[in-house]
Structure formats: C-alpha cells, structure tokens
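The values are calculated or read from the model by the stated rules, or taken from the named source; none is laboratory data. It should be emphasised that the depicted structure is a prediction, and the values quoted were computed from it without experimental measurement. Ideal geometry is used to build each Cβ from the backbone, glycine not excepted, and the neighbour counts take in all protein chains shown. Protein only, heavy atoms only, side chains kept; ligands, DNA and RNA dropped before computing areas. Shrake-Rupley method; radii C 1.70, N 1.55, O 1.52, S 1.80 Å.
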Amino acid sequence: MCPMTKPSDSTSHQSASSAGLTHCCHQVPELLPDDGDPAASRVSVGRSEDCEDDTRLRLTTDTRRDDPCQQNRLAEFFAELERGLPDDYVLDEASRGIYFGNAEEPTCSPVRLVSRARSADRTGWMLEVEFLTPDDGLARATISYSELSGQAGGSVSQLIDRGFVAYGGMKKVMTLLRAWPEAGRAWRADHPGWFTDPDGVMAFVTADGAIYRHQSRQPAIVLSDPQPVGFGISGSLAGWQAEVAARAVGNPLLVFAIATALAGPLLHLSAINSAGFNFYGLSGIGKSLLLRLAISCGTNPARLESWTSAQSGLHRFSRAAQDGLLALDAFPRDPEARHLRALLAIGEDLGAGRVLSSRDPDGGFRWRRMMLSTSELPLAYCLRRKNKDVPHALAARIIEIPADPGPYGLLHDLHGYESGTRFARDLDAAMERHHGTLLRAFLDRLTRGLPAIRSALSSDLHRIARDIQAQPEQAGSEQTGLPTAVAERCALVAYAGELAISFGLLPWSKGTADEAVRAVASLGWQAACSSSINANTPLDILRDYLDQNATRIVDLPPEQLIETPQSTIGWQDEEHVYLLGDPLRRDVAELDHLLDQLQATEILKPGGEARSLQYKLPASKIRSRPRSYRLDRSKLMDTERSG
C-alpha cells in the first residue's frame, strides 16, 4: 500500500496490543551484566526479557525488521502512540501513517509525544517526541515551544534529516502535537554533562540523551537537541580493551590520554572547572594519535576537530564536551587572531565563534571540560610571538607537555611491531572497529557508586597531588616545584584512570595510570623549568640547549650515509654542529636575536642561500638534505671556555 494513500474501509487500522509485551527501556542502557564482568559489557538502546540474547546488551543501533527485540520495541511504540492520539486522528501501521479524519493523505509518519519538559527556572519549555524512521527504527528529538508556535528553528530540519515525513507540511504536524492530550513531565537539560534537579539530585546526561544516575526512580530528564541514540558507538568494550587499551601499556602518554578522557565527569565533583594538556613537538611523531585514542573512549575517533574549526565553532564543541573531553588538533605555528581568541577563551572557560542558543545569547556560559590539544610549538610561545601576554588562568588550566620523550617519537613500547608507523596504523584500525564503549561503562559504575566516590574524592585528590609535587626530580631541584593548580589537574587524571582500573574497565594493573601521570607531569615540569631559565646571555641558552639534548644530536661519520632516528634534533662532525630549525625554535625563546648574535660572532655559518641563515646538509651525509643552523664547533668551544 502506498503510504500516500489512505487505506480503504475494508482495510482495518492495525493497532498493537500491549498484552504480553515487556518494557524496553530507552534512555539508560545497562552497561555491565549482573556479575559485573566488564569483558561482557555491551551497549544497546533497549532490553527485553523476551530476547535472551540481549541480556548482555549488544552494542548496536541495528533496526532490522526481523529482529524480535526490534519488533517488540515497534509494537510497544505503536501501542503507546495509539493510546495517546488526539481525537479524530488515526494510526495505520500498514501504511506507516497518521491520518486526520477522512483525509486521503496522511498527516505524517508515526510520531508520539513522550513528554513536556522545562528547565528548573520554569523556562525553556519543549516537547520530546519519538518517531519512526524509514527503516523502521525509532528515534527521539526535541521541539521547542517557540517552534511549535511557528517560529523558525533547527528542530524541524533535524527531524526531516533523520527520516521523519510530514506529508501535509510541518504546520499540520505541529497542530497534531499541540492537540496531544497526555504526556509525561520532565526536566530539560540544555547540554550534556551533570544535571542537578531542584531537589539537588544529580544525574549525568550523555550527548545522545542517555541518563546515568545513582537512583533509578527519579523524574525524567530530556536533553535538548540530542544526537541519535548509539551515535559514535562501534564494536564492543571487550574488543576495545583487548585491541586498544592493552597496547597503551608501557607507553605513558597513551595511558595518560585514556585516563584524561575519563576525567571529565570528575571535574564538577572535584570543584575543578577545567583542565587541559597541550602536547607539542615536531610533525609526524604521533601527537594526533594521542587525541584519537582519547576520543575513542567516548565516540568515533574520526571526529577529531582542528584548532582551525574551533575558531568559529568553539561554542558547539564546548557544549558537546561539557563535563567531558574537548580534543583540538594542530594549533598553527603562525596563528591568526581568531585562533588566539579561541585559545584565550578556553583559558577563561568560555566559548568562541557563533553562539548556538538563544538561551545563552551573549555566549557567556562558562564550560567545564577536559582539553587535549596538539601543536608544534608551545601555546605560550605562540602567544608571545604575537606580543600577547600569557594569562595566569591559561597557564594554570593548560599544561604544556613535550610529546617526543620516547625512542619512537612519543612511544616507548611497540608491543612487537617493527616500527612506530605500523603500531599507530594498527591502533587506528582497532579504534575504528571499537569505540564509544568505555566512557559509558565508566559513567554507569561512577553514578552507581556516586555517594562513596564524592565523599572520598577531595582527600584522595589532595594526597595524589601532594605525591606528584614530591617527586624526587622536583623535590631536589632549585626550581620552584609543580604549581598546586597544575598538580591537582594531573591528580584528577590519575584518579580517573585508577578508578577505571578498580572498576575492571581497563586491562591494566593497579598503579599504571598513576605512574603514567607522574611521568607526564615530570615532563611538563622539566619543560617549564628549561623554558624559564634566567640565563645571563643568549649563548648560555644555546649551551643549555645543547647539553639537554646531547643524546639527540647524532654523530656524522666521514663520507658515510646514515639513517636518522625520528627524535633527532641535529647532527655533529669534527667541525660543526647542525641544529634543525623546528625544535630549536620551539625550545629557545628569542631565537632570532640569538641567531643574530651567533652570526655576528661568526659562530653561525649560513649556507649561502639568499635571505636564509640555514645550511643544507649534503646528500652524501643525509639523503633528505635537511636544512639546519650550522655552528662552528671550535668557536663555540672557545666561547664556552671564555665564559
């Protein structure tokens, strides 16, 4: 039967009987089976006692018509819809349409009003609707009262984009919804993250509208503009644990990235509004891999955004990342004013670019978020190059971490792979197969044990932060130790990772996350110290740079072609030291002034190219002939002795 044609009188309007049906919960998937075995964890949008294979929930958004669980969900949907339909409207299941009176054309495809929701301040009224998609799937969406009254908005286009059909136009659909006699009441949440109702009861709302909370019998909560249920989920938790998390062992930065992805929900509980970590280093060493790995804990790693997109979309990114993870890749070496505005806004917990909602017209909402970022140069250095001071709030909220501490770029343990490239390629493939499951399982366990966790969190964080500050390399240094605000943010990451280990959600031994965070904190502290050295002369800075990186300067044998390790920052032979420009510019402030002095004293030996101070190494030494700053070793040593 054509859905555009009203069924004849001989065709009975089919209705679904609710007899014999069990309830399929929509909003809160149970992530762990009763025995608490995380290896069996799955995610699904529904569960039915009639579907034995669904008792350990499958990770799927499958809507196959021959799926018995899907058939149960559809039958219940039709039954609820028909019970609630306003007078003079009829549902025809066969044609998948709702008709008004004797109209020949359906008003729309099947839809029902689930609830009317408002904010705690009695504003922001909206409708939550459930509708049938063309493949017989079920989806939910929200429609504001302003759109219900005919004002323009984005809800209608989202409904249509997801398969809802308004045969007679959206005005007739709005008339149907306004006439709906009965619907539940719910609280409106304007963004994902923690929601606290007027009675002080907390719940966590995910981007697809799933609700996680300690007490099950509480008023409903509806997220405005939710993503489709199951969005960003693939594979299984067990697969992610075996193929992704297990490979992080032995690689502190990978462990750190995963733990950071879980720390977002703890921000509000610990009264820390935001925390960020920027990994800086040369291109091609795997910085973006860190961000994709962190993203895979909660959604599809292909959704990694760049700093360039953040300059206009930071409000949108921040809404999605509330009490969660904001990952931004590749801060430019030469940032534009808009990049700098976005960076400074993050330092103030704000958004930037186009404002999303009329409920925040001036874009002044302050966001809670964990941020992971990458750049070639430290963010503070990028600001100084543009004659911008580094705000104290930004320095406290975003910790700079050098991303090249390992023998294979940022990696220490390749787990049997012959190269870091193969390791990263296979890890990316594993993340494509399995993603989006860990964070949901973590939220399930976190909210179930919320009272006990909240009572112990403050003292535990204080203890961990104090231990991080007391690390031997800091305690015995003349430099000021890691600031308390920085140590507390590192402690939050360690706590999140160890909590997930205790839940059985990460296949790591106890202490793995804590040890990785200590190593990363030490890297950040050492980098901060080296960049703040108060040297007497620019040459002192150069000598310190050479001393600190002595193991990364490769000897050049006479007339012999050599392979260069990825972590190399330069070469040397009997007459010269050759320093690559990118790492030198990253680590040495006021480099241009230093180069002028080195050239004036004839320590720097340019290669004769116009408008360039660099020297191109011969192909007989390095096949790729990289450009470098060539320094006269004898004059450099004479300068050192005279100093």
**Request:** Pop out the ³J(HN,Hα) list for the stretch 135-144 in order, Karplus 6.51 cos²θ - 1.76 cosθ + 1.60 with θ = phi - 60°, rounded to Hz; leave Gly and Pro as x.
**Result:** 9, 6, x, 10, 9, 10, 8, 10, 10, 6
**Message:** If you average the alpha carbon positions of the stretch 551-594 and of the stretch 119-140, how far apart do those two centres end up, in angstrom?
**Reply:** 60 Å
**Asked** If the cut-off is a Cα-Cα distance under 23 Å, which lysines reach LYS616, setting aside same-chain residues fewer than 8 apart in sequence?
**Response** LYS605, LYS635
**Request:** Taking the Cα centre of the stretch 237-534 as origin, work out the dipole magnitude from +1 charges on Lys and Arg Cβ and -1 charges on Asp and Glu Cβ, in debye rounded to 20.
**Result:** 780 debye
**Asked** If you take the square roots of the eigenvalues of the alpha-carbon gyration tensor of the stretch 538-637 and sort them as a ≥ b ≥ c, do you get rounded (a/c under 1.5), prolate (a/b over b/c) or oblate?
**Response** prolate
**Prompt:** Taking the alpha-carbon centroid of each part, what is the distance from the stretch 163-229 to the stretch 404-465 in angstrom?
**Reply:** 31 Å
**Sequence-distant residues sharing a close amide H with TRP194 (under 5 Å, placed H)** = VAL205
**Request:** Sort the stretch 204-258 into rounded, prolate or oblate with this rule: let a ≥ b ≥ c be the square roots of the eigenvalues of the Cα gyration tensor; rounded if a/c is under 1.5, and if a/c is not under 1.5, prolate when a/b is larger than b/c, oblate otherwise.
**Result:** prolate
**Protein-only accessible surface order, largest first, of HIS593, HIS415, HIS191, HIS339 at 1.4 Å** = HIS593, HIS415, HIS191, HIS339
**Cβ charges +1 (Lys, Arg) and -1 (Asp, Glu), total dipole of the stretch 68-187, debye** = 520 debye
**Item:** Three-way shape label, the stretch 260-304, alpha-carbon gyration tensor, a/c 1.5
**Value:** oblate
**Asked** Net charge near LYS287, counting Lys/Arg +1 and Asp/Glu -1 over other residues with Cβ under 15 Å of its Cβ?
**Response** -4
**Item:** 3J(HN,Hα) from dihedral phi, the stretch 96-110, Karplus parametrisation 6.51/-1.76/1.60, rounded to Hz, x for glycine, proline
**Value:** 6, x, 10, 10, 9, x, 9, 4, 6, 9, x, 5, 6, 6, x
**Asked** With Cβ to Cβ distances under 12 Å as the rule, what net charge do the other residues near ASP428 carry (K, R +1; D, E -1)?
**Response** +2
**Complete:** Neighbours of GLY264 by Cβ distance under 9 Å: Lys/Arg at +1, Asp/Glu at -1, summed charge +1
